[in-house]
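Colleague: Sending over a structure as structure tokens; questions will come in a sec.
Where a number appears in this text, it was derived from the coordinates with a stated rule and is not lab data. Values in this document were obtained by computation on a predicted structure and should not be read as measured data. Cβ atoms come from the backbone with ideal geometry, glycine included; neighbour counts cover every protein chain shown.
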Amino acid sequence: MIALKNISKTFNAGKPNEVKALGKLSLEIHEGEFVVIVGSNGSGKTTLLNLVAGTILPDTGTISIAGNNATKLTDYQRSKWIARIFQNPLSGTAADLSILDNFRLAALRTKSKGLTIGKNENFKALVREKIAALGMGLEDKTEQPIGTLSGGQRQALTLLMSVMDECKILLLDEPTAALDPRSAENVICTADALIKQYSLTAILVTHNLKDAANYGTRIIQMGEGEILKDIAAKEKAKLKQAELFEWFG
Ligand SMILES: Nc1ncnc2c1ncn2[C@@H]1O[C@H](COP(=O)(O)OP(=O)(O)OP(=O)(O)O)[C@@H](O)[C@H]1O
Ligand SMILES: [Mg+2]
């Protein structure tokens, strides 16, 4: 589904503030895998997601997504395959617009499922049904500005919006870092359920080692722009949180 081959990325090359963020990294992620990425600050995790999403382009190497050579495609061109959730619940939604209008905007972006969006009752009903399935009691608040919701509620809705877009790949960069423990648990559970329900290929970057141990089908540790460890499903299932702590010495 995603193949990175010999990817390198250096910021501010040749200047005193030069940073080698990724060096000759190769990584293949198969359809339906849920990859968790851990690693210290500055190890290149976000840079890796940026390269997959097309927010930045690599200095060397090739990127293939869903069988297409995506190396030189912009993030907009890749958005038909990729949805992205950030650390800040405020990014990704328009605070002053109602929940329903935010869903309309998201659907317009991809014109998903040939739905007549506008004020269409079918669309409203579909959105309400999907929101109700989250079990957060938000289905009666669809006319309310999305900015009036808590960070956790908003993050859960952002997730739902991105998967309803018919994207096949979900990139999550510390999606719960700004949330209290309970909301964080809710959001990560929602993400896991949606990934399974929509058969998505997903990458989750997290500093939460409990989540890293409990979720996903594969775990990767990054360090100084390289992959230090790459553990597949069978072994990952046996991996304990305590062992993960040891990775960080
Ligand atoms: N746009 C940029 N310009 C200059 N340097 C950058 C840029 N983006 C990232 N870097 C540098 O590249 C390195 C990797 O950064 P990156 O954001 O990928 O780390 P990270 O693993 O996501 O860290 P964190 O856990 O703190 O989020 C860092 O040294 C960072 O300062
Ligand atoms: Mg980061």
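Colleague: Among the DSSP beta bridges whose two residues both lie in region 2-247, what percent are antiparallel, rounded to the nearest 5? Walk me through the numbers on the way to the answer.
Modeller: Details: 20 of 38 bridges.
Given both bridge residues lie in region 2-247, the antiparallel proportion sits at roughly 55 percent.
Colleague: Which order do the peptides 67-74, 168-175, 152-159 take when ranked by the mean count of other beta-carbon atoms within 10 Å per residue, highest first? Show your work: numbers first, answer last.
Modeller: On the way: 67-74: 13.8, 168-175: 22.8, 152-159: 25.0.
For the peptides 67-74, 168-175, 152-159, the packing ranking is 152-159, 168-175, 67-74.
Colleague: List, in order, the whole-Hz ³J(HN,Hα) value for each residue of region 76-85 obtained from phi through the Karplus relation with A = 6.51, B = -1.76, C = 1.60 and θ = phi - 60°; use x for Gly and Pro.
Modeller: With coefficients 6.51, -1.76 and 1.60, one gets 5, 5, 7, 5, 6, 9, 10, 10, 9, 10 Hz.
Colleague: What whole number of Å gives the distance from the Cα centroid of region 208-242 to the Cα centroid of region 16-83?
Modeller: Value for the Cα centre distance between the two parts: 18 Å.
Colleague: List the residues whose amide H sits under 5 Å from the amide H of G39, counting only those 5 or more places along or on another chain, with H placed 1.01 Å from N in the peptide plane.
Modeller: M222
Colleague: Among Q241, L97, N214, whose Cα lies farthest out toward the positive end of the dipole of region 2-247, if unit charges sit on the beta carbon of Lys, Arg (+1) and Asp, Glu (-1)?
Modeller: Farthest towards the positive end: L97.
Colleague: Follow-up. Let me check the size of region 70-203 from its C-alpha atoms; what are the radius of gyration and Dmax in Å?
Modeller: Spelled out, the Cα radius of gyration and Dmax of region 70-203 are 14.1, 43 Å.
Colleague: While we're here: Arranged from highest to lowest average of other beta-carbon atoms within 10 Å per residue, in what order do the peptides 210-218, 238-246 appear? Please list the in-between numbers first.
Modeller: Numbers: 210-218: 18.9, 238-246: 11.3.
So the peptides 210-218, 238-246, ranked by packing, come out 210-218, 238-246.
Colleague: May I pose another question? Run the reach check for K124 against lysines, Cα to Cα strictly under 18 Å, same-chain hits fewer than 8 apart removed. What comes back?
Modeller: Partners within reach: K111, K113, K141.
Colleague: For a 19 Å ceiling on Cα separation, which of these pairs sit above it: K5/K72; K5/K229; K20/K80; K15/K45?
Modeller: K20/K80; K15/K45
Colleague: From Cα pairs below 8 angstrom and at least 6 apart in sequence, can you work out the relative contact order of the chain, rounded to a whole percent? Could you put the intermediate results ahead of the total?
Modeller: On the way: 451 pairs, mean separation 66.5, N = 249.
In percent, rounded to a whole number, it is 27.
Colleague: To make sure I understand, if each residue's beta carbon is the centre and we count other beta carbons within 10 Å, what order do R109, R78, R84, R182 fall in, fewest to most? Don't skip to the end; give the middle numbers.
Modeller: Numbers: R109 15, R78 21, R84 24, R182 9.
Neighbour counts put them in this order, fewest first: R182, R109, R78, R84.
Colleague: A further question follows. Pairing the Cα long axis of helix 181-197 with the longest principal axis of the chain, what angle in degrees results, from 0 to 90 and rounded to the nearest 10?
Modeller: Approximately 90 degrees, to the nearest ten.
Colleague: If you plug each phi of region 241-247 into the Karplus form 6.51 cos²θ - 1.76 cosθ + 1.60 with θ = phi - 60°, what whole-Hz ³J(HN,Hα) values come out, in order, with x for Gly and Pro?
Modeller: Taking θ as phi minus 60°, the curve returns 4, 4, 5, 4, 4, 5, 4 Hz for region 241-247.
Colleague: For the chain, take the longest principal axis of its alpha carbons; what is the angle in degrees between that and the long axis of helix 151-164, to the nearest 10 within 0 to 90?
Modeller: The two axes meet at around 90 degrees.
Colleague: As a footprinting exposure proxy, order W81, W247 by other Cβ within 10 Å, with the fewest listed first. Mind dumping the intermediate values first?
Modeller: Values: W81 21, W247 17.
Result, fewest neighbours first: W247, W81.
Colleague: How big is the C-alpha Rg of the chain next to the rule-of-thumb value 2.2 N^0.38 Å, as a ratio? It would help to have the intermediate numbers written out before the result.
Modeller: Values: Rg = 18.5 Å, N = 249, 2.2 N^0.38 = 17.9 Å.
So the chain has a normalised radius of gyration of 1.03.
Colleague: Output ³J(HN,Hα) for region 28-34: one whole-Hz value per residue in order, computed from phi by the Karplus curve 6.51 cos²θ - 1.76 cosθ + 1.60 with θ = phi - 60°, and x for Gly and Pro.
Modeller: 10, 10, 8, 4, x, 6, 10
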